[in-house]
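> Provided herewith is a single structure, encoded as structure tokens, for subsequent inquiry.
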Amino acid sequence: MVEDLIPGVYVKSLMIGSNVLSDMMNGFLMNANDQVTDVCKQLAADPKLQGGYNSMGFSQGGQFLRAVAQRCPTPRMHNLISFGGQHQGVFGFPRCPGENSTICNYVRDLLNLGAYNDFVQSFLCQAEYWHDPLNEELYRNKSVFLADINQENVVNPAYKANLQKLNRLVLVKFGKDTMVDPKESEWFGFYKPGQSKVKYKLEESPLYTQDKLGLKAMNEAGKIKFLESPTDHLQFTDEFFKSNILQYLK
């Protein structure tokens, strides 16, 4: 679609692995940090991107590309568009993406074994952004990915400085999302600690009030755009894309 709407644009579709099957499997069974490192290498090696680029991340790709922006500032990411990314993590796996029921059942079994089990954390990327509001301390201590990029334990000044280099951070939430629990995570919201019913907004989170990532400064500068599609996960229309997203890709 993008090539049709922006003549002459260069589009790079990121793949983790040598083929579609390995890319799909790695989306479940490869450490998120290793995936981010792989993407950083791909971007740095592409001569057509050295002047900078705009990025679109779909579902977990949203938080993975945010990690790229925070960890790998060269080449520079100008705009990051997150479609249903789970930026405060998930506390549920209600509907598995994709068509492979075997891998989905395997992922559920591993999450039931214990999302914060060291073995599970070492390779199951869905566990690496699992956020248990009933045990925030365990999450902070054991999460090998989300706790790091959200500055839960140690504030990395480079993460904050690099994220603020974005011209725009566009957060697309899906109002009828049946895959992401809670869907408010797509706008950096989540469950208040100690329970799993009452939720907070980005502006109420320590991540924002303490400005650990620069999100408060970015929002006050008008650099964060909150968009909502009244549809299920990733089911946006062509008109939504043209009216709301296209401007950030030019």
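> Filter the range 135-160 down to the residues that are touching a Gly at 6+ places or on another chain (Cβ under 7 Å) and either more than 19 Å from Cys72 (Cβ to Cβ) or open to solvent by less than 60 Å² (accessible area, probe 1.4 Å) (or both) and list them by number.
Keep residues of the range 135-160 that are touching a Gly at 6+ places or on another chain (Cβ under 7 Å), which gives 146, 160.
The one that is touching a Gly at 6+ places or on another chain (Cβ under 7 Å) and either more than 19 Å from Cys72 (Cβ to Cβ) or open to solvent by less than 60 Å² (accessible area, probe 1.4 Å) (or both): Leu146.
> In addition: If you go through the range 204-236, how many residues are open to solvent by less than 70 Å² (accessible area, probe 1.4 Å), more than 21 Å from Glu152 (Cα to Cα) and either in a helix (DSSP H, G or I) or touching a Ser or Thr at 6+ places or on another chain (Cβ under 9 Å) (or both)?
Selection size over the range 204-236: 6.
> Do we find that Leu124 is assigned to a loop (DSSP other than H, G, I, E, B), buried (at least 19 other Cβ atoms within 10 Å of the Cβ) and at pLDDT below 95 in this structure?
On the way: assigned to a loop (DSSP other than H, G, I, E, B): yes; buried (at least 19 other Cβ atoms within 10 Å of the Cβ): yes; at pLDDT below 95: yes.
Yes.
> Do the conditions hold for Leu246, that is, is it surrounded by fewer than 17 Cβ atoms within 10 Å (Cβ to Cβ), touching a residue at least 60 places away in the same chain (Cβ under 8 Å), assigned to a helix (DSSP H, G or I) and among the hydrophobic types (A, V, I, L, M, F, W, C)? It would help to see each step written out before you state the result.
Working: surrounded by fewer than 17 Cβ atoms within 10 Å (Cβ to Cβ): yes; touching a residue at least 60 places away in the same chain (Cβ under 8 Å): yes; assigned to a helix (DSSP H, G or I): yes; among the hydrophobic types (A, V, I, L, M, F, W, C): yes.
So Leu246 passes the test.
> In the range 163-203, which residue that is out of contact with any Gly (no Cβ under 9 Å at 6 or more places or on another chain) and among the aromatic types (Phe, Trp, Tyr) is least open to solvent (accessible area, probe 1.4 Å)?
By that ranking, first place goes to Phe188.
> Out of curiosity, is Lys165 of a type in the set (D, E, K, R) and part of a strand (DSSP E or B)?
Numbers: of a type in the set (D, E, K, R): yes; part of a strand (DSSP E or B): no.
No; evaluated as a whole, the condition is false for this residue.
> Criterion first (free of Cβ contacts under 8 Å to residues at least 24 places away in the same chain and over 17 Å from Leu80 (Cβ atoms)) does Tyr200 satisfy it? Don't jump to the end; show me each part of the working.
Working: free of Cβ contacts under 8 Å to residues at least 24 places away in the same chain: yes; over 17 Å from Leu80 (Cβ atoms): yes.
Against the criterion (free of Cβ contacts under 8 Å to residues at least 24 places away in the same chain and over 17 Å from Leu80 (Cβ atoms)), Tyr200 qualifies.
> Among the helices (runs of 4 or more DSSP H) lying completely within the range 1-115, list those that include at least 1 residues that are at pLDDT below 95 and crowded, with 18+ Cβ neighbours inside 10 Å. Break it down stepwise before answering.
On the way: elements: 2-5, 20-29, 32-45, 60-71, 101-114.
Helices (runs of 4 or more DSSP H) meeting the threshold: 20-29, 101-114.
The values are calculated or read from the model by the stated rules, or taken from the named source; none is laboratory data. These figures come from a predicted structure and were not determined experimentally. All Cβ positions, glycine included, derive from the backbone under ideal geometry; neighbour counts span all protein chains shown. The accessibility values were calculated without ligands, DNA or RNA, using every heavy atom of the protein model including side chains. Shrake-Rupley method; radii C 1.70, N 1.55, O 1.52, S 1.80 Å.
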